Amino acid sequence: MCELTKDNLGTKQILALKVIALVVLPSSLMAGPLEEPPEISLNGFNIDARAMSDCVHNAFALPQVEGRTSALETCPGKAQADCHGDRIDRVALMTCVSLETEYWEWRMDVVVDLLSNADTNFFTTEAGNLSEPLLASTVASWQKFRDVKCEYQTAHYGQGASRGREGDIVEIYCRAFETARFASDLEGRLRARCEIPLGSYVNYNCGAFE
């Protein structure tokens, strides 16, 4: 058998082997942090986190404001609907919506980390730089806002055990959508701040790749 070496390979053959080596690399090595969602499941229910990430990525292939709008119009709700399928009992609905909320919380946490670790500050005003401390404070304030807003939306259903199935479901849907809204808004800011081209993925260093 002839051993392949630089001495008995032509330049074109060497280049071809390099291309093959790149092609067979695991796809996870070529993915950005927002394209590596964890498996999200509970008690036999699960959501397709990869499909959700693809949905959001495709939405952000549009201009920034339109992208955030598209992400909110097309992505929230589909995963949990596929999760529970024809089952519309309280356990199925609550579990699947909670799993989708978990996905949006994961995505939000990744975006916050990327913003915190970006080479540039989160954004700048005439008063000075507003970076990681303000970002953390903003997230904490938003979490309180989300909880209060969703409790308010379900107040007329009653409190505690007397609230019933409908009130519980309305609140958990509210939390899922508000989390998706905030995660999408932060991602739009990240892409604008890091000047990510439309249709590109975000890497770990505030950069982009196709």
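Every residue, every condition in (1) under 26 Å from Met94 (Cα atoms); (2) at pLDDT 80 or above; (3) of a type outside the set (A, V, I, L, M, F, W, C), yes or no:
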{"residue": "Gly167", "(1), (2), (3)": "yes, yes, yes"}
{"residue": "Arg175", "(1), (2), (3)": "yes, yes, yes"}
{"residue": "Arg181", "(1), (2), (3)": "yes, yes, yes"}
{"residue": "Asp185", "(1), (2), (3)": "yes, yes, yes"}
{"residue": "Glu195", "(1), (2), (3)": "no, yes, yes"}
{"residue": "Glu210", "(1), (2), (3)": "no, no, yes"}
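For residues that are surrounded by 18 or more Cβ atoms within 10 Å (Cβ to Cβ) and modelled with pLDDT of 85 or more, tally how many sit in the range 69-91.
Here the count works out to 6.
Please indicate, with yes or no, whether at least one residue in the range 144-152 is within 26 Å of the chain's Cα centre (by Cα), under 28 Å from Val110 (Cβ atoms), among the acidic types (Asp, Glu) and at pLDDT 90 or above.
Scanning the range 144-152 turns up at least one residue that is within 26 Å of the chain's Cα centre (by Cα), under 28 Å from Val110 (Cβ atoms), among the acidic types (Asp, Glu) and at pLDDT 90 or above.
The values are calculated or read from the model by the stated rules, or taken from the named source; none is laboratory data. Because the structure is a prediction, the values reported are computed rather than measured. In this analysis, Cβ positions are derived from the backbone assuming ideal geometry, glycine residues included, and neighbour counts consider all displayed protein chains.
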